[in-house]
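K.L.:
Before anything else, here's the structure in question.
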Amino acid sequence: MKNKLAMTIRLTTVAPIPALALVLIMWLVKPELMGNAWHCATMIFCLSVLPLLAYPVWYIIPALRAKGRKSQRKLAVIFSVVGYLILLLLLFIDGCTDTELLICLTYVISGILIGVLSYIIKFKPSGHACGVAGPMAMLVFKVSPWYALGVIILGLVWWSSLVTKRHTLEQLGVGSLIPVFSMSAILMFLI
């Protein structure tokens, strides 16, 4: 029962799901910080739909599936970073608000850091923790400190990752700090 609950939490908190929640909450609660409906749809596609497509693609390609979970994680990181870069390009072409740029660059830098740490340094930070901590930090900063209650969801992600033995405490901690670091660096140096 405990393992089933942990897997359910992991499945429902893959990074594209909190990204979808972030865009929708920002659009509904603080629409003045967001651009137009086209930007919202583009953000949803690039931050959520495209990264989620990695999972069915992994499943339908036998050669990837045969390589197991590591190939699934690698494909998810690739699809995510590609989506984030496409979003950045589209926002620059069409113009964007400072908030949209902050969201996009936070995802780009976080995705690159996850990739570099995972595949070059060989340290596996939690993408789940990163995917929950980033939107939570953005909502706290841009909308209301009440969104800090999202730490409950982050706690569930940590618990589920430990129960399923997908990450260590150190990997969860680094994964949670990556988007906060990324957003802070962008705010200090760019926006």
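The values are calculated or read from the model by the stated rules, or taken from the named source; none is laboratory data. No experiment lies behind these values; they were computed from the predicted model shown. Cβ coordinates were reconstructed from backbone atoms using ideal geometry, including for glycine residues, and neighbour counts include every protein chain displayed. Remember, those area values only see protein heavy atoms, side chains included, never the ligands or the DNA or RNA. Shrake-Rupley method; radii C 1.70, N 1.55, O 1.52, S 1.80 Å.
K.L.:
Any lysines with Cα under 29 Å of the Lys2 Cα? List them, leaving off those in the same chain fewer than 8 positions away.
P.N.:
Lys2 reaches Lys67, Lys70, Lys74, Lys124, Lys165.
K.L.:
If I model a spin label as a point 7 Å beyond the Cα along the Cα-Cβ vector, how far apart are those points for Lys2 and Ile61 in nm?
P.N.:
3.7 nm
K.L.:
Over the alpha-carbon set of the chain, divide Rg by the Kirkwood Rh and report the Rg/Rh ratio to two decimals.
P.N.:
Rg divided by Rh gives 0.96.
K.L.:
Taking the Cα centre of the chain as origin, work out the dipole magnitude from +1 charges on Lys and Arg Cβ and -1 charges on Asp and Glu Cβ, in debye rounded to 20.
P.N.:
1160 debye
K.L.:
Per residue, how big is the convex hull of the stretch 63-163 when only Cα atoms are used? Give it in Å³.
P.N.:
Expressed per residue, the convex hull around the Cα atoms of the stretch 63-163 is 109 Å³.
K.L.:
Kindly sort Phe123, Phe92, Phe189 by accessible area of their heavy atoms, largest first, with the probe set to 1.4 Å.
P.N.:
I get Phe189, Phe92, Phe123, largest accessible area first.
K.L.:
Let me ask another. Helix 16-29: angle to the longest alpha-carbon principal axis of the chain, degrees 0 to 90, nearest 10?
P.N.:
20 degrees
K.L.:
Still on this structure, I have one more. Mind listing the phi-derived Karplus ³J(HN,Hα) values for the stretch 161-173, rounded to whole Hz, using 6.51, -1.76 and 1.60 with θ = phi - 60°, and x for any glycine or proline?
P.N.:
Computed from phi, the couplings for the stretch 161-173 are 5, 6, 4, 7, 6, 7, 8, 8, 4, 4, 5, 5, x Hz.
K.L.:
While we're on this one: With θ taken as phi - 60° and the coefficients 6.51, -1.76 and 1.60, list the Karplus ³J(HN,Hα) couplings across the stretch 91-99 in order, rounded to whole Hz; mark glycine and proline as x.
P.N.:
Taking θ as phi minus 60°, the curve returns 5, 5, 5, 8, x, 8, 7, 4, 5 Hz for the stretch 91-99.
K.L.:
Compute the long axis of helix 127-142 from its Cα atoms, compare it with the longest principal axis of the Cα atoms of the chain, and write down the angle in degrees, 0 to 90, nearest 10.
P.N.:
20 degrees
K.L.:
Run the simple label-point estimate for Lys70 and Phe189 please: 7 Å along Cα→C-beta, distance reported in nm.
P.N.:
Going from the Lys70 label point to the Phe189 one covers 3.1 nm.
K.L.:
Okay, which of the stretch 83-101 sit inside 17 Å, backbone N to the point 7 Å along the Cα-Cβ direction of Lys30?
P.N.:
96-101, by backbone N distance to the label point.
K.L.:
Give me the Kirkwood hydrodynamic radius of the stretch 63-106 in Å, from all C-alpha pairs, to one decimal place?
P.N.:
11.9 Å
K.L.:
Still on this structure, I have one more. If you average the alpha carbon positions of the stretch 133-175 and of the stretch 64-88, how far apart do those two centres end up, in angstrom?
P.N.:
The stretch 133-175 and the stretch 64-88 have Cα centres separated by 21 Å.
K.L.:
Follow-up question, since we're still on this one. What order do you get for 126-133, 27-34, 39-46, 57-64 when each peptide is scored by the mean count of other beta carbon atoms within 10 Å, highest first?
P.N.:
126-133, 39-46, 27-34, 57-64
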